[in-house]
Each structure stands twice: as structure tokens, then as C-alpha cells.
1. Among DSSP bridges having both ends in the protein assembly as shown, what percentage is antiparallel? Round to the nearest 5.
2. With all pairs of different alpha carbon atoms counted, what Kirkwood hydrodynamic radius in Å does segment A:19-86 show?
3. For chain B, what is the calculated [θ] at 222 nm in deg cm²/dmol (nearest 500), taking -39500 (n - 2.57) for each run of four or more DSSP H residues and dividing by its residue count?
4. Rounded to the nearest 0.05, what FRET efficiency do B:Thr17 and B:Leu147 have when you use their Cβ-Cβ distance and R0 = 41 Å?
5. Chymotrypsin sites (Phe, Trp or Tyr not before Pro), restricted to segment B:1-63: which are DSSP loop and have at most 15 other Cβ atoms within 10 Å?
6. Report the accessible surface area buried between chains A and B, summing both sides, using a 1.4 Å probe on protein heavy atoms only, in Å² rounded to the nearest 100.
7. Roughly how many Å² of B:Met263 are accessible to a 1.4 Å probe, to the nearest 10?
8. Among B:Trp201, B:Tyr321, A:Asn175, whose Cα lies farthest out toward the positive end of the dipole of the protein assembly as shown, if unit charges sit on the beta carbon of Lys, Arg (+1) and Asp, Glu (-1)?
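The values are calculated or read from the model by the stated rules, or taken from the named source; none is laboratory data. Bear in mind the structure is a predicted one, so any value in this text is a computation, not a measurement. All Cβ positions, even for glycine, are placed from backbone atoms using ideal geometry, and neighbour counts span all protein chains on display. Heads up: the accessible areas ignore ligands, DNA and RNA and are worked out on the full protein's heavy atoms, side chains in. Shrake-Rupley method; radii C 1.70, N 1.55, O 1.52, S 1.80 Å.
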Amino acid sequence: MTSAADAALAVRDLTVRFPTDAGDVRAVTGLSFTVRPGQTLGVVGESGSGKTAAATALLGLHDPRRARVTGSVLVAGTEVVGAREPVLRRLRGRSVAMVFQDPTSALHPFYPVGRQVAEAYRAHHAVSRADAAERAVAMLDRVGIPAARSRAGDHPHQLSGGMRQRVVIAMALVNGPAVVVADEPTTALDVTVQADVLDLLREVQQETGTALVHVTHDLGVVAETADRLLVMYAGRAVEAGPARDLLARPRMPYTWGLLQSTPDLGAREERLRPVPGSPPSLLTPPDGCPFHPRCAFAETVPGGRCGTDLPDLVPVSGETGRLRRCHLPEDVPLGEGQVGP
Amino acid sequence: MAGFVARRLTSALLVVTLTSMFVFALFFLGPGNPAGPVCEAQGRCTPERLAAIERQMGLDQSVVTQYAAFVRGLVVDRTVVVGGEHTCAAPCLGISYGSRQEVTEELARRFPATLSVAVGGATIYLLVGVTTGSLAARWRGTTADRLLVGGSLLVSSVPYYLLALLAWIVLALQWGLFPGTGYTPLTEDPVAWASGLLLPWLVLGVAGSTQYARYTRGAMVETLGEDYITTARAKGLSPRRVVFGHGLRAAIAPVLTIFGLDMAALLAGTVFTEQIFGIDGVGSWALEAVRAPQDFPVLHATVLLGAVLVVVANLVVDLAYGLVDPRVRTS
Ligand SMILES: Nc1ncnc2c1ncn2[C@@H]1O[C@H](COP(=O)(O)OP(=O)(O)O)[C@@H](O)[C@H]1O
Ligand code: SF4
Ligand SMILES: [Mg+2]
């Protein structure tokens, strides 16, 4: 584990709650991780596991009237949680930038794309409109938009989905941020361009040395690019570790289930199996381990602890940098056919 | 784009023509007899004299013939008989039964006053309404927002003429805050023009702004929930730039549409404003013309003007919409 000091991003005990009439939605609970410059952290979990709520908190974008955020998020050493608007404004886009899920809705429909990129640059640099426009064209060119100079004058609806996402990436990278948060950057895209956009992200990250937090519901998307993985379930980290080790040998049933449901990773095509059941409500999460209603191993844990005690996130013995949240003894094999009914 | 404009112009012309025909038919098939007042003005009105005057005025002819004469008069000079012969230069909208003057001339004389009132009032209500609506959306849920929405509902629940009348009595008569309210042509004395219209503008502006504040607030609340607003915030833009640069740019489009649709309400407001503040515009003229004995040519001309204004405003708004939303422009 890296110390908070040399990390581009250090998250400690991040908790995000949405108060509603029916009670608090506990979207994120006690999330901690660090990302070093040049490193990629893949955050993986099913839809509704709190990934977007966590990602949004990394830029301090939650509306304080609608979300309660506690804990600590240090971006290049500056605290985001509880920071005042002017502090956040200087951080956003310059130190930490975001690539959104759907480039169609993330771009303003009425402004030319070049202008939207230039505006991101001008928000943090005292340059003329013309210089910012030049910079935007260079950036659009860098992210692989052909004929960038003339394309800069196009409105978003005149570009394809893949090109739009390139614009969003250009916008995120134009200030050379220390951290880029990409929330499902390929989910809304045509399958044919997903790989291109992933390659682009990896390429510019290697070039600029930015830290990347890549949030996705699809383990396959980050399997090759992430240095470390963090698996989220019901708003909590349930397993974390170096990507290769974690994929080779998941250490708790939910991660194992995710692998089984991902093509080319745990299972051959014909054996693909989604994790049975559906994730719990974050308004009224179950007692004990949040995964226990779906877990085939819950019965095997003595004393029914899975249904009553929340396991701690603890290091896996004998493996560096690995954490798991599970009552199951480490030596129980999570082999074929053992998860699910 | 050119095709679009041509299509819209054609339908605009159709609307104006149909309105004109409708008003014409309504009047001539209605119970009033325009020859009556003319006859009475010349002493004792016997049935024979009435019939003679009707014939002179062409009222014995069919509605269609009379309408054809009216349309012809729009392009060539014609002679109109209203208690005597009048030459009426094209475009002729008739001779006023009351003043015996050419309607076109008087319309041209009165129109600048009406335009001044309407444009000034609309400018104020758009500016004030859109600004307060945007701010209310930005601070939605706060006390300021609730006060704004509540105040706006209160103002719009008071009938407009009552509001204008109260403003006139309290602000102008009792407090003497707006001396010299009335119309002076802009070309004659710009200062007197502005100071004389200030109170009417304010009254029309405040009354109209309340509903635009609500429209804008609604459109803005929706827009501020859009993803591209989050993008703008994530870039590090100031809240002011986010709301007015990115939010308003998108939220203004539906407000513009409503402005076009609401042109008739603006004209109605202008009519009352002129009447209450003693401004010699088209509106007060129209109100006079409605009173018995009805002055049909004036009535017809003012309704036509109203139709033209509504249609033109909608056309302008449609074109402006294309400027605001590039997706409309290219499709
Ligand atoms: N503004 C909000 N108000 C209330 N609940 C919310 C809000 N945003 C997200 N949630 C809830 O928080 C949980 C996590 O959502 P999200 O972070 O979007 O998950 P993910 O990105 O992993 O799919 C979901 O149950 C969702 O319904
Ligand atoms: S703690 Fe129990 S229920 Fe939760 S994953 Fe481990 S075995 Fe399954
Ligand atoms: Mg999400």
C-alpha cells in the first residue's frame, strides 16, 4: 500500500448517504483506497453498488443539500470532503477530472465541442480565447479526432458516439490533471469503438502519468488495464488487490461470482453465469455480510455469522496488498459450481 | 432554411387573411347597423334616409362584394362613402365612422406609442422574469426561492387592469412619483419618451415577469439536473457561469417559445396599459372603437394588426429558436 503522501489520490473512510423520506440511502460506506501517479485502479461492482456515488464524491460534486459525504478524499494533497466551493473549483478539472458515462448527455448540446474543451482550459489558465481554442484543437487532435481543427466547430450531435467520448476525454485531460476519474467510460458506446476508447485512455494515461480511477460494472473492461482492482458490493469494498492476483485467485465468493459472469476471464463463453439474485437495497441493507442472501457459502460458515456480523476488510495472509471482507476461512476453495444454487 | 421561412410566411399570411375575413363576416352578419349612427348624425333619421345611406356606403351589397372592395383597397386607392365621399389611399383600411379620417393614417400615427409600450414592457418582463427565475432555480428550496414563487403567484392572481389602476392611483396620483406619464414620440424628445413611459413599462413588466420567472424557473430546474451541467461543474467553472452560461443557454429555448405563444397576452396587457395611463396608442383606440356606436373599420384594422403582430412574433421566435438550438438548424 502506498502512503497518502506520495499518492495522487488518497481516499479514507469515504461515506456517501442520500437522505430520503424513507431514510438514508447508504450509497457508499467506509471506502478507502489510494492511487499513485501513473497507476490505474479499477473499481468494479454491479449496477447500484455505489460506484457513481463514490466517483462523484472524488470531485466534490455532490449537492450538499441532497447528499451527506464524510471521510476524506485527498487529491494531490488537498482535501475535497467539506471543502468550500472556491477550493473545489480550483481542484476540479485541474487536479482531478472526470470522464462521464454517456458523452451524449455530458456535452452541452448547444455549444461547439472545441469551445467546450477550450472552456475547460480557460477555467484554469489566464489565456486568450484564441490561445485556448488552439489548445483545444491540439487536444482534440491528440485524442484522435480526425481533422480536429474543423471538427472543433461541430456541435456534439454532428459527431458519432465514439468521437463524442473522445471530446469528453480531451476535456478531462486538457489541464493535465493528477487524477482522472472515468465512470463507465465505454458503457454507453457502440461495442465496435469501446476498445478504441479504452486504448486511448490507457495511452494518454501512460503518456501523462496521471492516476486513473476506472469505474465499471464489467470486470472484463479493466482486467487488462488496471494495476489494482477494488470490488464494491452494496456500497462497500469487499475485495481489493493487484489486478493479476485478484483475477487469478479471487478470495471471496462475490468476486469469484463476478469472474464467472465475465467472458474470457473466469468462464468460457458457454459457461457464463451471472451472479444469481440481485443486489440489496441500500436503504435497508441486510444485517451481517451484505452478500449473504445471495452467497452459496453463507450456510457453511459456523454460527450463521454471515447473517449477523459484518466481516471486516482485512489483509489476506501471505499475499501483499490484498484485502478481503469475508467470514469464510481463507483455505476454502471457491471452485467450479460452488457459487449459486 | 429558406423553405422553412417560405412555408411559415405562407401560413402566416393565411392566418391573417382568415382572421380578417372572420372579423368582417362577424360584423356584417351581426345585429348592428353601421349606417345608423351616420344617419342620426345628420338629423332626423327616417327609414328612407337610412336605406339611402346604406346604399351609399355599399352596405346593401353582399359581404363577399364588400370584402372584395376592402381587399382591392389594400392595393389601389378607392373612394369610401361615410356621410360624404372620402378618398382613401392604398393601403386603405377604410374610413373611421367616428373621426371620418383614413384608418391607415391614424393607425400609423398611433402605432409607435403602442410599440413603445409593448416592447419596453416585454423587455422588462423578459429580463426580470428570466433573471429571477434562474436565480430561484439555482437556489431552489431556499426561503428566497419560496418568496419568489409565492410573490409571483400573488402578483399574477391580481387582474392586470386592477394592478395597473392601483399603480396609477398610488404611485402616480398619490405619491406623485411619475410626473408626466404619457406618450411623447421618441423622435421628438427621447427623455420625455422614456420618462413618460417608465411607469407603464414597470407595471406591464412586473406583472408579466412573474409568469416568466415561473416558466424560467421550471425550465432551469430541469436543465440544472442535466448531465452537461455536472460536466460544467466538473470543469471547475464558477456557479455563475454554470447557471447562466450553460444552464440558461438551454433553458431559454422553451421560454422563447412561450413568449411567442403569449404575444396575444402582451397585446391585451398593452391595450389596458394605454387605456389606464392615457396613452394615445392603438389599444386605447380599439377600446373606443368597441364602444357603441361601433367603429367597424377601426376595429377591423386593430384586430388585423393584432393578428399580424402575433404571427410575426411567432415567426421571429421560430427563427430565434434555430439560432439557440443548433440541432434545429441542421435538421
Ligand atoms: N441522488 C440520489 N438520491 C438518492 N439515492 C441515490 C442518488 N444517487 C444514487 N442513489 C442510490 O445510491 C445507490 C448507488 O447508486 P450509484 O452510485 O449510481 O451506483 P452505481 O454507479 O454503482 O450503479 C443506488 O441505490 C441509487 O439508487
Ligand atoms: S461473509 Fe459469508 S455471506 Fe459474505 S461473502 Fe463471505 S461467505 Fe458469503
Ligand atoms: Mg454508475
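1. On the way: 33 of 53 bridges.
In the protein assembly as shown, DSSP labels about 60 percent of beta bridges as antiparallel.
2. Its Kirkwood hydrodynamic radius stands at 13.4 Å.
3. Theoretical 222 nm ellipticity from helices: -23000 deg cm²/dmol.
4. Given R0 = 41 Å and the Cβ-Cβ separation, E is 0.30.
5. When the chymotrypsin sites (Phe, Trp or Tyr not before Pro) of segment B:1-63 are filtered for loop state and at most 15 Cβ neighbours within 10 Å, nothing remains.
6. Details: alone 15740 and 17520 Å², together 30860 Å².
Result for this pair: about 2400 Å² buried.
7. 30
8. Farthest towards the positive end: A:Asn175.
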